[in-house]
Amino acid sequence: MSKLDIKQLRKVYNRGTDTEIVAVDDLSLTVDDGEFLVFVGPSGCGKSTTLRSIAGLEDVTSGSIRIDGRDITGQKPKNRDIAMVFQNYALYPHMTTRENMSFGLRVNSMLDDDEIDARVNEAAKMMGISELLEKRPGTLSGGQQQRVALGRAIVRDPRVFLMDEPLSNLDAKLRIQMRAELETLQNKLGVTTIYVTHDQTEAMTMADRIAVLDDGKLQQIGTPLECYYKPANQFVAEFIGSPTMNFLTVERSGNRLVHDAFEFVVSNDTVDLCGDRTALVMGLRPEDIDLGGDETTNAVSGIVEVIQPTGDDAYIDITIGDDTVTLDIDPEQSVGVSVGEEITVSFDEEGVYLFDPQTEATIKTNTELEPAGPDGSDALDTTTKP
Amino acid sequence: MATKQQYTIQFRNTEYEPEDIVAGIGRVAGLGVMAIFYAFPLYWMASRSVMTNLQAFKLPPVWIPTEPTLSAYQSILLQGPYASFLLNSATVTVLSVTLALVLSVPATYGLVVSDFPYNLNRHFSLFLISLFMLPPIVTSISYFNLLQDLGLYDRAIGLGFIYTMFNIPLIVWFTRGFIADIPDSLRESALLDGANEFQVFYRIYLPLIRPGIAAAAIISYIITWNEYLLALILTSNRAKTMPVGINQFVGQYNITWNELSAGIVLVVLPSVLFLTVTQRYIVSGLVRGAVKE
């Protein structure tokens, strides 16, 4: 049960050489007691480096890391009371499940054998791996290995859990199952958890809050819905959401957003948000675009390129001018659509996002959904960082 | 529909085509010739060792010993200095291989897993390995002086120390690949579990690199056991090892062929037995070090 504070964390590799790489740049954030925070971002964004810095596996260049106010920045990993689950599970191949799970308690605790056994049994029961205790990792399936790795982490009852893409070696079906299990487990144990993934779906589904990183910098930290509906910038808007948001370059002229192939009329509120900017990037979530629409009212026509049915959804790529736009529609609606056909699509102004093409900062977010929080406040109130 | 007639031969539930069989026979024949070529000297030596000296260099040669006798073994083990040569060889080998293992396996772990500034660990590994390329003859005079100054000339322990120096780079070279093959995350996981570096080495790495250590130990054992040059230079009588000692069978006027053969068999036999049992490890050791999976 611990609170983790990261202040101005900076990690530079190959410092002072030609190949200097800033992996983490001035990262500050707080993970609350019992929170499930997910670091998400593309590869090389610094999320794993940050996690490894918290674990003590990397020396930080500057900045500080505190757990419950205690500075652990320069501490050895063993003195941090942190458990980590690795992408490849890192189970000790020559030890049985029981030995794997008890290793940490044996080398670094005062517990006697009976207590260690009791704790291992309890953790194994919780993870449903009691029958596997005497087996070696090599004889276990990927999903079982994953459970053992988690069991090894929880048996130590650490202050903080770190997880580095723990589900990415599992097949798709098992991944979804483990996602739910992990979340349940974290809720039950209430251990402060930091989870790293490049998979935005994992981040969206599991996190209490998401920290989106790119290029070593924190782009946004907020609840999954905040990041989805109120992205701090174009990067977050593009990264969160699947299929990804469509971006169209438009020129504003009065109330009209002019694209190569269409014009879209917006209200005065939106015009106010734009200030004196005329060049804009328009963002459209695939699910906010509907088939059909009257040609006269903010409707756009495009040529169908690809139709991808996924079962409960259908993704349709259409070309509008020089741009390709993806639609996410009901599969029934896609039945009449064929490749090469020209179709009309429409979208509401509420669902239109606008970004500054230079700074990539968000100008307008989705205004349709403003769900109120339990205390009446705006649940989507973003605590955004630049 | 015309089907092509297939001539196949059934053998143990597998069908073979004629060309496969011809190729197979050719391969076996080729290997057989090579095996005879390499094994014949060994056979010749082994067969001479169970003959009397008279039989051993009889002409025309006696191909197969008719009245095998262990007299040659008896005479070299019970008479003369050969038993002590063998003991010296064993002392020197066990001492140097053990010492080299104890020193170099933890060192290799350190060199592989830790981050030294300026890549010093990599440079040092390469330096160690480059010691291989130094012909022993180059340094033998220095070793001679060194051992004499230390009072270790013609002592098994002195020769053992010198061999240790040659075995260290060999073992580092061999175990490096094995240690590097173990994912870093195992070490990191153990460090987070609360182990210190020694515990990580002793409890995680050591059990996992056992095949590599075995391979390294076997190779350095064989090299040390058979070493001739340094043993010749750094010993005179008391610490003389078997490879050097065998020379004594070659006298000025005659060669006791049967005793010479028996001596060679005694030198070769442990290596052959050892290799037969452990060749699996050696192959995996050679391959594992070379290819990073």
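We did not get these values from a lab; they are worked out from the coordinates using the rules stated. Just so you know, these numbers come straight off a predicted model, no measurement behind them. With ideal geometry, Cβ positions are generated from the backbone for all residues, glycine too; neighbour counts draw on all protein chains shown.
Details
- Over the protein assembly as shown: Kirkwood hydrodynamic radius from C-alpha pairwise inverse distances, Å: 31.9 Å
- Label point 7 Å beyond Cα of A:His94 along Cβ direction - residues of region A:134-154 with amide nitrogen under 17 Å: A:136-139
- Cβ-derived FRET efficiency at R0 35 Å, B:Asp115 paired with B:Phe144, nearest 0.05: 0.30
- Ranking of B:Leu87, B:Leu78, A:Leu327, B:Leu147 by count of other Cβ atoms within 10 Å, fewest first: B:Leu78, B:Leu87, B:Leu147, A:Leu327
- Mean projected area (nm²) of the alpha-carbon convex hull when region A:246-298 is viewed from all directions: 4.0 nm²
- Treating r as the C-beta distance of B:Ala35 and A:Ser43 and R0 as 45 Å, the FRET efficiency rounds to 0.25.
- Once both labels are positioned 7 Å from their Cα atoms along Cα-to-Cβ, the gap between B:Leu78 and B:Tyr16 label points is 5.1 nm.
- Between A:Val107 and A:Thr205, the FRET efficiency estimated from the beta carbon spacing at R0 = 41 angstrom works out to 0.70.
- Whole-number Å³ per residue for the convex hull built on Cα positions in region A:284-341: 83 Å³
- Residues A:Val300, B:Val267 in ascending order of nearby Cβ atoms (within 10 Å, fewest first): B:Val267, A:Val300.
- For region B:17-72, Kirkwood radius (reciprocal of mean inverse C-alpha pair distance, Å): 13.5 Å
- Of B:Trp63, B:Trp173, the sequence from fewest to most neighbouring Cβ atoms within 10 angstrom is B:Trp63, B:Trp173.
- Region A:316-355 and region A:88-154 have their alpha-carbon centroids 51 Å apart.
- Spin-label pair B:Val94/A:Val335, simplified geometry with 7 Å Cα→Cβ offset, distance in nm: 8.7 nm
- Over chain A, equivalent-ellipsoid semi-axes from the Cα gyration tensor in Å: 45, 25, 18
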